[in-house]
Amino acid sequence: FKEDEASKTLSGKKMVVTAGGTIERIDPVRYITNDSSGKMGVAFAKTAKAMGAEVTLIAANMQVKYPEGITVVPVQSADDMYRAVLEHWDQSDIVVKAAAVADYRPLEAAKQKIKKSGKTLTLELVKTVDILESLGKAKTHQYLIGFAAETNDLEQHAASKLERKNADLIVANDVTQEGVGFGTDTNAVKIFDRQGLVKEIPVTAKEEVARQVLLIAASRMDGRK
Ligand code: CTP
Ligand code: CA
């Protein structure tokens, strides 16, 4: 992290970062989750703090340590995460949705451990709330940064997510690329807004990705309606 240009660019700003992968209960001993480590979210939280922001990290099933000096709200499910974000929403200037939110959850979490019986077991899953999409609808002054993890047709998927979720920026990565995405300390991304590609960042430390995204956000958020 370089002190010069970035230092204190976000002073006085309140920021919420969601990180990690949500946990959707099947029964008291089992759940559905994903490979998100929480590293990208932690990189955003630390970098934003160094840039002067007051940061709250809403964290699900993190594989990494919580960063020091940052308020952390631990959550499990997509529903929990949504509620936690809403609690901070009115006061937030920037919301960074780095979490990998489960798209589906079991219709009902069984109260008791599901016993082994037949040869097959079918779980009925229902869609979770799309947190980013809901925030996009509720947006007033907040600057909304979403992510898109893709294996193909990156541009098109990023553009449609930007539109559908009413985000200000989408940070998209091609998770098939080496050194990109889940669990790594590095990332390579393309940043999109309504006009298209804003910036392409080749493989670099997640902190550096965060710094560049936050510099774009900082330069745009105040002049925006
Ligand atoms: N997201 C969210 N709530 C969900 C699912 C996703 O807030 N229930 C957010 C993620 O945190 C991310 C963005 O939406 O910032 C894009 O997530 P992604 O999984 O790439 O997109 P989806 O809309 O879920 O579409 P798909 O998984 O089919 O690509
Ligand atoms: Ca998804």
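The values are calculated or read from the model by the stated rules, or taken from the named source; none is laboratory data. Computed from a prediction, not measured in an experiment: that's the story for all the values here. Note: ideal-geometry Cβ built from the backbone for every residue, glycine included; neighbour counts use all protein chains shown. Side chains included, ligands, DNA and RNA excluded: accessible areas come from the protein's heavy atoms. Shrake-Rupley method; radii C 1.70, N 1.55, O 1.52, S 1.80 Å.
Can you work out the Karplus-derived ³J(HN,Hα) for every residue in the stretch 191-205? Use 6.51 cos²θ - 1.76 cosθ + 1.60 with θ = phi - 60°, whole Hz, and x for glycine or proline.
9, 10, 10, 4, 7, x, 5, 9, 7, 10, 10, x, 3, 7, 4
Using a Cα-Cα cut-off of under 13 Å, which aspartates and glutamates could be cross-linked to Lys49, ignoring same-chain neighbours fewer than 8 residues away?
Glu3, Glu68, Glu207
With θ taken as phi - 60° and the coefficients 6.51, -1.76 and 1.60, list the Karplus ³J(HN,Hα) couplings across the stretch 64-79 in order, rounded to whole Hz; mark glycine and proline as x.
Karplus-based 3J(HN,Hα) across the stretch 64-79 equals 10, 5, 5, x, 6, x, 10, 5, 10, 10, x, 9, 10, 8, 4, 4 Hz.
Below 8 Å, C-alpha to C-alpha, sequence gap of six or more: please give me the relative contact order for the stretch 87-195 in percent.
22 percent.
Compute a Gaussian network model of the chain, connecting alpha carbons closer than 10 Å, and tell me which residue from Asp193, Asp93, Asp153 fluctuates the most.
The residue that fluctuates most here is Asp153.
Tally up the carbon and sulfur contribution to the accessible surface of the chain as a whole percent, 1.4 Å probe, everything protein left in place.
Ligands and nucleic acids excluded, carbon and sulfur reach 48 percent.
List the GluC sites (Glu not before Pro) within the stretch 1-97 that fall in a DSSP loop (any state other than H, G, I, E or B) and whose Cβ has at most 16 other Cβ atoms within 10 Å.
For GluC sites (Glu not before Pro) across the stretch 1-97 that sit outside H, G, I, E and B with at most 16 neighbouring Cβ atoms in 10 Å, the list reads Glu68.
Kindly provide the trypsin sites (Lys or Arg not before Pro) of the stretch 24-127 that DSSP labels as loop, not H, G, I, E or B, and whose Cβ sees at most 13 other Cβ atoms within 10 Å.
The qualifying sites are Lys65, Lys111, Lys113, Lys115, Lys116, Lys119.
Towards the positive end of the charge dipole of the chain, with charges on Cβ (+1 Lys, Arg; -1 Asp, Glu), say which of Thr176, Phe147, Thr18 has the farthest Cα.
Thr18
I need the phi-derived Karplus couplings for the stretch 98-107: 6.51 cos²θ - 1.76 cosθ + 1.60, θ = phi - 60°, integer Hz, Gly and Pro marked x.
Values per residue, Gly and Pro as x: 7, 5, 8, 8, 4, 7, 9, 9, x, 3 Hz.
Quick query: amide H of Ala148 versus all other amide H atoms, modeled in the peptide plane; which residues come in under 5 Å with a sequence gap of 5 or more or a different chain?
Under 5 Å from the amide H of Ala148: Val171, Ala172, Asn173.
Sequence-distant or interchain residues sharing an amide H contact under 5 Å with Val189, placed H: which?
Correct list: Ile201.
On average, how much accessible surface per residue is there in the stretch 160-203, in Å², for a 1.4 Å probe, leaving out ligands, DNA and RNA?
Ligands and nucleic acids excluded, the figure is 50 Å² per residue.
5 Å is the cut-off here: which amide hydrogens, built 1.01 Å from N in the peptide plane, fall below it relative to Ile58, excluding neighbours closer than 5 in sequence?
Val17, Thr18, Ala19, Val73
Distance from a point 7 Å along Cα→Cβ of Gln76 to each backbone N in the stretch 124-139: keep the residues under 20 Å and list them by number.
Only 124-131 fall inside the zone, counting backbone N under 20 Å.
Number of Lys pairs in the stretch 55-134 with C-alpha atoms less than 27 angstrom apart, excluding same-chain neighbours closer than eight positions?
8
I'd like the GluC sites (Glu not before Pro) in the stretch 121-179 restricted to DSSP loop residues with at most 15 other Cβ atoms within 10 Å, sorted by number.
Filter output for the stretch 121-179: Glu124, Glu178.
Given springs between every Cα pair under 10 Å in a Gaussian network model of the chain, which of Val203, Val101, Val189 has the largest fluctuation?
Top of the fluctuation ranking is Val203.
Excluding ligands, DNA and RNA, what is the solvent-accessible area per residue of the stretch 29-137 at a probe of 1.4 Å, expressed in Å²?
57
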